[in-house]
1. For residue 98 and residue 38, calculate 0.36 nm times their separation in residues minus their Cα-Cα distance, and state this gained length in nm to one decimal.
2. By average Cβ neighbour count within 10 Å, what is the ranking of 90-103, 29-42 from highest down?
3. Sort region 3-90 into rounded, prolate or oblate with this rule: let a ≥ b ≥ c be the square roots of the eigenvalues of the Cα gyration tensor; rounded if a/c is under 1.5, and if a/c is not under 1.5, prolate when a/b is larger than b/c, oblate otherwise.
4. Between helix 16-32 and the chain, what is the angle of the helix's C-alpha long axis to the longest principal axis, kept within 0 to 90° and rounded to the nearest 10?
5. So the label point goes 7 Å from the Cα of residue 81 along Cα→C-beta, right? Which residues of region 7-39 then have their backbone N under 18 Å from it?
6. Given 0.36 nm per residue, what is the gain on full extension from residue 70 to residue 28 after removing their alpha carbon distance, in nm?
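Coordinate-derived values only; no laboratory data. Quick caveat: nothing in here was measured; it's all calculated off a predicted structure. Backbone-built Cβ (ideal geometry, glycine too); neighbour counts: all protein chains shown.
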């Protein structure tokens, strides 16, 4: 089966719980059409580079999908109908990465814990 990476951006004024519900609904669309969600990640509320439909921020979510083309087409159709989804992007890939995405890895690295390089400053 073809492999895809799919990212969608939801409106800023919905809650993370609503984004989780939207993610489950969209995942169900894929599974109902014979596909499988290999990995699902929520990247959080992030700034947009430019305004999209008067929104400056958006909730980002990632799917790694193993599904036939019909399932992905139906997923994209459902997102176009839904007013909560601002943008989406689907890319066909040769293999899926099981590791956490670089966005999540970078967030873990940026914890502002011990700043050892600034101890001797006065």
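1. Values: separation 60, 0.36 × 60 = 21.60 nm, distance 0.82 nm.
Net length gain for the segment: 20.8 nm.
2. Values: 90-103: 10.9, 29-42: 16.0.
Top to bottom by mean Cβ count within 10 Å: 29-42, 90-103.
3. Prolate, because a/c is 1.5 or more and a/b exceeds b/c.
4. Long axis of 16-32 versus the principal axis of the chain: about 40 degrees.
5. Output list for this probe position: 21-35.
6. Working: separation 42, 0.36 × 42 = 15.12 nm, distance 1.38 nm.
Fully extending the segment from residue 70 to residue 28 adds 13.7 nm.
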